[in-house]
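The values are calculated or read from the model by the stated rules, or taken from the named source; none is laboratory data. Everything quoted here is computed from the prediction, not taken from an experiment. Note: ideal-geometry Cβ built from the backbone for every residue, glycine included; neighbour counts use all protein chains shown. Note: accessible area is taken over every heavy atom of the protein model, side chains too, but ligands, DNA and RNA are not part of it. Shrake-Rupley method; radii C 1.70, N 1.55, O 1.52, S 1.80 Å.
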Amino acid sequence: MNDMKHNSNVFVKPNEQNEARFNSVMARKGRMKFNTYLLKAMLLAMFVSVMATSCYKIFKTHAPKEVTAGQKFDVRMVVVDNGDAYQKEITDWSVAAIRVPEDWDVKCGAQDYRSYAEDWVYYSNGKPANATYTLRYSESLSKAYDAAAPKSGYKWMAFVSATKVTKYMASCWRNGCDSAVVTFHVTAGQKVGKYTLDFLAGDSEQDESPRSYAEASQLATDRMINASSVAMFKIPNGTNTSNYTPQMACAINVVDAPDAITAVTDDKSKPSSIYSLDGRKVSNGNNAKNLPKGTYIMNRKKTILK
């Protein structure tokens, strides 16, 4: 017969001889309870941590690899949910920012923020559910990002949705938005060289738009630094980006724009045409008899006719 009797999770000590064994079992049971509580606490902490971390990330960016000085071109940033079992809608005041060289310009406007339902959710007519929003530039918010993540020779240009992005989408049974595409209209500066474009996505659940934020300390509110190609931001109570994706930065090369002379190209197997200095063709072949006196481009060389 066992010395220890078990009844409804209560241990009973039958005699003094087994006191040591009893104490040992009770101690072991206490440790088991403590470990169970500890495990539950750890799981709860992990759950809270997951819920507190950002629910979306920068999934893809696109920019041309090479542009000419002063050229206008579009750059795109795609933001998606984090892919867990829960639908984490991209909602409320949405923030999109890009870091460019100081002499560059960036604009965003109507329909430059497009939100989408999950790719397998469709309207009845087969087209993906989507909605568009206007983005507005915020100088004060841009300066706040500059203060939090400075880079010599560069500046942040931050844009905020003109209205809150709703988490509900008409004609979509799931009602949810889980991805967004932002288009930046960029104008390169006049300085040639190799540059890197960085990106940031954030949002705020406050009643007032974060367009008025002007201090780096305000970036700690909600998820103002939620996903970025930049790792470190100097803000109170934290410096790391929640979803850091350095591979989303875009390298871009700026080259000289061709002038009227260098832009002239001909097949060398054929007689070269004659051009004016501003690049206009004034004669086919090398026949210059009927041309007035002046300076021309003949056989790819500057020639003076007297």
If you take every residue apart from Y137 with its C-beta less than 15 Å away from the C-beta of Y137, what net charge results, scoring Lys and Arg +1 and Asp and Glu -1? +2
Flagged links, alpha-carbon separation over 24 Å, of K191/K234; K72/K191; K281/K302; K57/K194; K107/K194: K191/K234; K57/K194
Tally Lys and Arg at +1 and Asp and Glu at -1 over the other residues with C-beta under 12 Å from the C-beta of Q71: what net charge comes out? -3
Förster-model FRET efficiency, 35 Å R0, H185 and A288, C-beta, rounded to 0.05: 0.20
Solvent exposure ordering (accessible area, 1.4 Å, most first) of E208, E66: E208, E66
